[in-house]
Amino acid sequence: MTAPTTTSGRAPTRRPAERPRRLRATPALRRLVSEHRLHPADLVLPVFVREGIAAPTPIAAMPGAVQHTLDSLRRAATEAAEAGVGGLMLFGVPATRDAVGSGASDPDGILNAGLRALAAEVGDAVVVMADLCLDEFTDHGHCGVLDPAGGVDNDATLVRYEEMALAQAEAGAHLLGLSGMMDGQVAAVRAALDGAGHVGTGIVAYSAKYASAFYGPFREAVDSTLTGDRKSYQLDPANRREGLREATLDLAEGADVVMVKPAMGYLDVLADVAARSPVPVAAYQVSGEYAMVEAAAAQGWIDRRAAITESVLGIRRAGADVVLTYWATELAGWLR
Ligand code: PBG
C-alpha cells in the first residue's frame with residue numbers, strides 16, 4: 001500500500017485539469033518538447049588582438065579572456081572553428097592612437113592585420129567579422145572624431161567609417177560590425193563598399209547599442225583612454241521604443257543583420273526587434289555580463305556551467321538568432 005502523501009491521510013480534493021508537469025517527467029520528455037536549443041553555429045566569439053606584445057596578455061576583469069598576439073589569435077580561431085563556432089568578431093588594440101584614429105584605416109594597422117591573419121587561418125569555414133568603430137584608435141577614446149567644441153562630429157565620423165570599411169573589406173572581413181552609433185552609418189558604409197566593388201561584404205549593425213555600465217571590463221580589454229561617457233551617441237537604458245526605431249532605420253539603410261547590445265538587460269528590446277526584423281537578429285552578451293558570472297562562479301556562489309548555458313539560452317529564447325559571447329568556444333565544446 002502506498003503511504004498517504006498528506007499529513008492528515010485524506011485523499012487530495014483538488015484535481016487540476018491541466019497537468020503540464022506530465023511533459024517534464026523525464027529527461028527524454030523534456031528534451032523532446034524543448035522549444036529552444038543551443039548550437040555552436042549560432043555563437044560568435046569576440047576576440048582581441050593587441051599590437052606589440054610578445055605573449056597573450058590576460059584581461060584581469062575578464063578571467064579567461066586575453067589580448068592576443070597575431071599568433072595566439074590564429075590558434076584561438078582554429079580552436080573556435082574546430083568547436084563549430086559560427087563566427088569571430090575581431091577588435092584591435094593599437095600601440096599608438098591619434099585624434100582621428102588613423103590606425104583604424106591603415107591597411108597595416110593591427111585590426112586589419114588581424115583580419116588578414118584570421119581570413120588566412122580559417123578561410124570561409126568561420127565567418128570573420130570586424131568591429132568597425134574608432135574608439136580603440138582615437139587618443140580621446142570616443143567612437144568618432146571630435147568637433148572643435150569637443151563633441152563627437154557625426155558626419156565627419158562617417159567619412160572615417162567609410163575608410164575603415166574599405167580597409168576591413170580588403171583585409172578579408174566577411175561582415176563589418178558597425179558599433180559606433182552614428183546616425184546614417186549603415187547607409188554611408190554600404191555606399192562606400194558598393195562603390196568600391198565590395199558588394200558581397202555584409203553589415204552587422206549594432207542597431208540598439210545602449211550606453212551601458214556593463215561594458216566596464218571591455219574598457220580594460222582594449223586599454224580604453226575614454227574619460228567621459230558615450231551618452232550622446234549610445235542609447236539611454238531607459239528607452240525601449242527607441243531601440244526599435246534604431247533597428248528600423250538600420251534596416252532601411254541596408255543592414256544585413258541587426259544587433260541588440262548588451263543582451264541580458266535588454267531582452268525586451270531584443271524581443272521587439274526580433275518580432276519585426278526581416279533579417280537575422282544578433283545579441284551581444286557583453287564583458288560585464290561575462291565578468292559577473294565568472295566572479296560569482298569563482299566565489300562558488302553560482303554553478304558556472306549551468307549559469308552560462310541558461311544565460312545564452314535566455315538570449316536565444318528572447319529572439320536572438322546569433323549570440324556574441326566570450327564563452328562561445330567553451331560553450332560550443334559542451335554542446336557537441
Ligand atoms: C565599441 C565597442 C564597445 C564594446 C563593443 N564595441 C565598447 C563601448 O561601446 O564602450 C563593448 C563590448 C563588451 O563590453 O563586451 N567599439
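Any residue that is open to solvent by 70 Å² or more (accessible area, probe 1.4 Å) and within 27 Å of residue 318 (Cβ to Cβ) - is there at least one of those in the range 46-69?
Yes; the residues of the range 46-69 include at least one that is open to solvent by 70 Å² or more (accessible area, probe 1.4 Å) and within 27 Å of residue 318 (Cβ to Cβ).
Got a sec? Which strands (runs of 3 or more DSSP E) wholly within the range 202-312 have at least 2 residues that are within 11 Å of the ligand (Cβ to nearest atom) and either closer than 17 Å to residue 64 by Cβ or of a type outside the set (S, T, N, Q) (or both)?
Working: elements: 202-209, 257-261, 281-284.
Per the criteria, 202-209, 257-261.
When only residues in the range 288-336 that are within 24 Å of residue 81 (Cα to Cα) and of a type in the set (S, T, N, Q) count, which is nearest to the chain's Cα centre (by Cα)?
My answer is 325.
Pull up the range 317-330, narrow it to residues that are assigned to a helix (DSSP H, G or I) and surrounded by fewer than 22 Cβ atoms within 10 Å (Cβ to Cβ), then point me to the one that is nearest to the ligand (Cβ to nearest atom).
Going residue by residue through the range 317-330, those that are assigned to a helix (DSSP H, G or I) are 317, 328-330.
Those left that are additionally surrounded by fewer than 22 Cβ atoms within 10 Å (Cβ to Cβ): 317, 330.
Numbers: 317: 21, 330: 16 Å.
Within the range 317-330, the match that is nearest to the ligand (Cβ to nearest atom) is 330.
Across the range 84-132, what is the total count of residues that are within 16 Å of the ligand (Cβ to nearest atom) and closer than 19 Å to residue 157 by Cβ? So that I can check it myself, show each step before the final result.
Initial filter on the range 84-132 (within 16 Å of the ligand (Cβ to nearest atom)): 87-94, 97, 100-101, 103-105, 109-112, 114-115, 129-132.
So of that shortlist, the ones also closer than 19 Å to residue 157 by Cβ come out as 91-92, 94, 97, 100-101, 103-105, 109, 111-112, 130-132.
The total comes to 15.
Do the conditions hold for residue 333, that is, is it away from the ligand (no atom under 16 Å from the Cβ), open to solvent by less than 20 Å² (accessible area, probe 1.4 Å) and part of a helix (DSSP H, G or I)? Steps first, please.
Working: away from the ligand (no atom under 16 Å from the Cβ): yes; open to solvent by less than 20 Å² (accessible area, probe 1.4 Å): no; part of a helix (DSSP H, G or I): yes.
Spelling it out, it is not the case that residue 333 is away from the ligand (no atom under 16 Å from the Cβ), open to solvent by less than 20 Å² (accessible area, probe 1.4 Å) and part of a helix (DSSP H, G or I).
Do we find that residue 144 is touching a residue at least 60 places away in the same chain (Cβ under 8 Å), surrounded by 24 or more Cβ atoms within 10 Å (Cβ to Cβ) and under 21 Å from residue 113 (Cα atoms) in this structure? Full working, then the answer.
Values: touching a residue at least 60 places away in the same chain (Cβ under 8 Å): yes; surrounded by 24 or more Cβ atoms within 10 Å (Cβ to Cβ): yes; under 21 Å from residue 113 (Cα atoms): no.
No: the conditions fail for residue 144.
Within the range 17-60, how many residues turn out to be under 17 Å from the mean Cα position of the chain (by Cα) and small (Gly, Ala, Ser)? Show your work before the answer.
Within the range 17-60, the first condition is being under 17 Å from the mean Cα position of the chain (by Cα), and the residues that meet it are 38-49.
Now restrict to residues that are small (Gly, Ala, Ser): 41.
Count: 1.
Test of understanding: among 216, 228, 200, which residue is within 16 Å of the chain's Cα centre (by Cα) and open to solvent by 30 Å² or more (accessible area, probe 1.4 Å)?
On the way: 228 fails: within 16 Å of the chain's Cα centre (by Cα); 200 fails: within 16 Å of the chain's Cα centre (by Cα).
Unique residue meeting the criteria: 216.
On the given criteria, is residue 189 more than 26 Å from residue 65 (Cα to Cα), more than 8 Å from the ligand (Cβ to nearest atom), β-branched (Val, Ile, Thr) and touching a residue at least 40 places away in the same chain (Cβ under 8 Å)?
Numbers: more than 26 Å from residue 65 (Cα to Cα): yes; more than 8 Å from the ligand (Cβ to nearest atom): yes; β-branched (Val, Ile, Thr): yes; touching a residue at least 40 places away in the same chain (Cβ under 8 Å): yes.
For residue 189, the condition - more than 26 Å from residue 65 (Cα to Cα), more than 8 Å from the ligand (Cβ to nearest atom), β-branched (Val, Ile, Thr) and touching a residue at least 40 places away in the same chain (Cβ under 8 Å) - is met.
Which condition number does residue 139 fail, the rest of (1) open to solvent by less than 10 Å² (accessible area, probe 1.4 Å); (2) under 21 Å from residue 52 (Cα atoms) being met?
So the condition that residue 139 fails would be (1).
The values are calculated or read from the model by the stated rules, or taken from the named source; none is laboratory data. Remember, predicted model here, so these are calculated numbers, not experimental data. Cβ: placed from backbone, ideal geometry, glycine included. Neighbour counts: every protein chain shown. Just so you know, the surface numbers come from the protein's heavy atoms only, side chains and all, with ligands and any DNA or RNA stripped out. Shrake-Rupley method; radii C 1.70, N 1.55, O 1.52, S 1.80 Å.
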